[in-house]
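Presented below is the structure to which this report refers.
The values are calculated or read from the model by the stated rules, or taken from the named source; none is laboratory data. Not measured: the values here are computed from a predicted model. Cβ coordinates were reconstructed from backbone atoms using ideal geometry, including for glycine residues, and neighbour counts include every protein chain displayed.
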Amino acid sequence: MAISVLLSPSRYVQGKNALAELGTYITKIGKNPVIVADDVVWGLVEETVSTSFAGEDLPVKRVGFGKFATAKAVDELVELIESGSHDVIIAIGGGSAIDAVKASGFLADIRWVSVPSAASSDAPTSALSVIYTEEGEFVEYRFFPRNPDLVLIDTQLVANAPVKFLVGGIGDALATYLEARATWRGQGSTMAGGRPTHSAFALAKLSWELLWENALPALDAVRAKTVTPALEAVTEANTLLSGLGFESGGLAAAHAIHNGLTAAPQTHGLTHGQKVNIGSLTQLVLEGAPTQEIEDFIEFTTRVGLPNTLTEIGLSNENTKELRAIAEAATVEGETIHAMPFPVNADMVYDALLAVEGISRRVRAERGLPEPELYVAH
């Protein structure tokens, strides 16, 4: 029988003003931490983190971060860790900063911590990093033998962040159940290195259910910069449940198509979750999902504010060259699309991408939803 594997971080902490307790948790992990955060994020958290660290007699050493987790950025962090004899590295910020910290912590053989500043992706909990080029094109996945020692997310920070980050996190998390379901039905392996566990599949489904119930009121809470039970539920769905669900439940077509989309310059500037949502809808079309499921998904994601047409990611059916390139990149050997329960090739992905525009426009018109607006990359 195939082996099933479940991975998880050592400790997950979530709640309003949880950042004030960061020092309490870090002191149990290391005594000479280094923090990685860009200038904007550090401006928001410096006072709270410094006070928290002072209470535990921990030094405050912080370095900045660029835009993407590149191989160069990872190597520079390794040099920093080794020159400063740091024993724990902490990422405060978005998914790319977190991915760079995980990769550098592994290479330097120290412990690592994820402190997401928004509920914008499921990267914080996982034992892998996504590496990009300087332009934001997907390069590779890097896998590690363990997950973060701590994931801490302050839901007041989530409430204060721009609403687009929570929208992107919802798009990323919605894919979790769809991809885990496809992997479960097939014979593919997960990022954890085995078949999906029942628990991971259940967590992926719970993430999906919490999002459908709470996403819209959670977005209202962020617009009001307040923490509500709905926002707590969506934060957990986006971060913990989606993180465990994707890693031990399986990735399939949605994230492979996302990876292909990163190569199209028209999509640059979109969040990870926005591009993943196009991958999710394309996967539903690709697998011949029930019409009701596809149409409900289009309505729900439109109301959330996620793109479900090519127009909304800067493309059209006339961009045949780019769409062919996306389809080819999504189906290269080793991509997660091959966890689908049937063989998939580039022609199938290309046809599904072409179908998305018409299906979404029809459903939006029939259900009284706004027409898509053209995205222009900056």
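Residue 74 meets each of the listed conditions (1) among the aliphatic types (A, V, I, L, M); (2) surrounded by 19 or more Cβ atoms within 10 Å (Cβ to Cβ); (3) without any contact (Cβ under 8 Å) to a residue 40 or more places away in the chain; (4) part of a helix (DSSP H, G or I) apart from (3).
Considering only helices (runs of 4 or more DSSP H) fully contained in region 251-368, which possess at least 1 residues that are within 25 Å of residue 137 (Cα to Cα), hydrophobic (A, V, I, L, M, F, W, C) and touching a Leu at 6+ places or on another chain (Cβ under 9 Å)?
Working: elements: 253-261, 272-286, 291-304, 320-330, 346-366.
Those helices (runs of 4 or more DSSP H) span 253-261, 272-286, 320-330, 346-366.
Only one residue in 150, 128 is modelled with pLDDT of 95 or more and in contact with a helix residue (DSSP H, G or I) (Cβ under 8 Å, 6 or more places away or on another chain). Which one?
Working: 128 fails: modelled with pLDDT of 95 or more.
Matching residue, one of 150, 128: 150.
Taking region 198-226, which residues are of a type in the set (S, T, N, Q), out of contact with any Gly (no Cβ under 8 Å at 6 or more places or on another chain) and farther than 18 Å from residue 305 by Cα? Answer for region 198-226, where residues must be of a type in the set (S, T, N, Q), out of contact with any Gly (no Cβ under 8 Å at 6 or more places or on another chain) and farther than 18 Å from residue 305 by Cα: 199, 226.
Give region 12-27 a look and list any residue that's polar (S, T, N, Q) and over 18 Å from residue 234 (Cα atoms), or say none. I'd like the intermediate steps shown before the answer.
Our first condition is that a residue be polar (S, T, N, Q); within region 12-27, this holds for 14, 17, 24, 27.
If the condition is that a residue be polar (S, T, N, Q) and over 18 Å from residue 234 (Cα atoms), then 24, 27 are the ones that fit.
Among the residues of region 259-308, the ones that are surrounded by 24 or more Cβ atoms within 10 Å (Cβ to Cβ) and either among the charged types (D, E, K, R) or free of Cβ contacts under 8 Å to residues at least 24 places away in the same chain (or both) come to 1 in all.
Listed by first and then second residue, the pairs with beta-carbon distance under 7 Å, at least 6 apart or on different chains, first residue in region 208-234 and on the phi < 0 side of the Ramachandran plot, second buried (at least 20 other Cβ atoms within 10 Å of the Cβ) and aromatic (Phe, Trp, Tyr), are 208/177. For region 175-223, a tally of residues being crowded, with 24+ Cβ neighbours inside 10 Å and not in a helix (DSSP H, G or I) returns 3.
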